[in-house]
Amino acid sequence: MRMQESGEMYLETIYVLTRQKTKVRAIDIGEHMGYSKPSVSRAMGILKSGGFISVGDDGFISLTEKGLALAEKMYEKHTMLTDFLVSIGVDKETASVDACKIEHHISEASFEAIKKHMENK
């Protein structure tokens, strides 16, 4: 079963935030994504029950091995697609926004072809 786009976005956000700071809270995620506390809380519950995150007694959120693997994959897609779009003349901000839309829907075959193309440049 494939995770919904919103779940992938939350995991990627947690991953990005953990690269910037050692401890991540739900409020950090909400601020970063521009989502309300109830929306983030509901999403964290779903991700926790799916085994993608763990929430400590102190409220700090961390990715499980399963969550980290998916988050790293989404982050790689986002950065690779952004770089690809920039390389063909799209400005960085537009490229990043468009990459975010594409990364959730692109086939593995197409992504791997773009990745190979970018690695051979």
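Coordinate-derived values only; no laboratory data. Every value quoted in this text rests on a predicted model; they were computed, and no experiment measured them. All Cβ positions, even for glycine, are placed from backbone atoms using ideal geometry, and neighbour counts span all protein chains on display.
Going by what's in this entry, would Val90 be described as assigned to a helix (DSSP H, G or I), free of Cβ contacts under 8 Å to residues at least 60 places away in the same chain and out of contact with any Ser or Thr (no Cβ under 6 Å at 6 or more places or on another chain)?
Numbers: assigned to a helix (DSSP H, G or I): no; free of Cβ contacts under 8 Å to residues at least 60 places away in the same chain: yes; out of contact with any Ser or Thr (no Cβ under 6 Å at 6 or more places or on another chain): yes.
No: the conditions fail for Val90.
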Test: residue in region 58-70 that is aromatic (Phe, Trp, Tyr) and buried (at least 18 other Cβ atoms within 10 Å of the Cβ): no
Among (1) surrounded by fewer than 15 Cβ atoms within 10 Å (Cβ to Cβ); (2) under 16 Å from the mean Cα position of the chain (by Cα); (3) assigned to a helix (DSSP H, G or I) - the single one Ala113 does not satisfy: (2)
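Evaluate the following for Ala26: is it surrounded by 12 or more Cβ atoms within 10 Å (Cβ to Cβ) and under 30 Å from Lys121 (Cα atoms)?
Numbers: surrounded by 12 or more Cβ atoms within 10 Å (Cβ to Cβ): yes; under 30 Å from Lys121 (Cα atoms): no.
Considered against the rule, which asks whether it is surrounded by 12 or more Cβ atoms within 10 Å (Cβ to Cβ) and under 30 Å from Lys121 (Cα atoms), Ala26 comes out as no.
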Which numbered condition Val16 fails, given (1) of a type outside the set (S, T, N, Q); (2) closer than 19 Å to Tyr75 by Cβ; (3) assigned to a loop (DSSP other than H, G, I, E, B): (3)
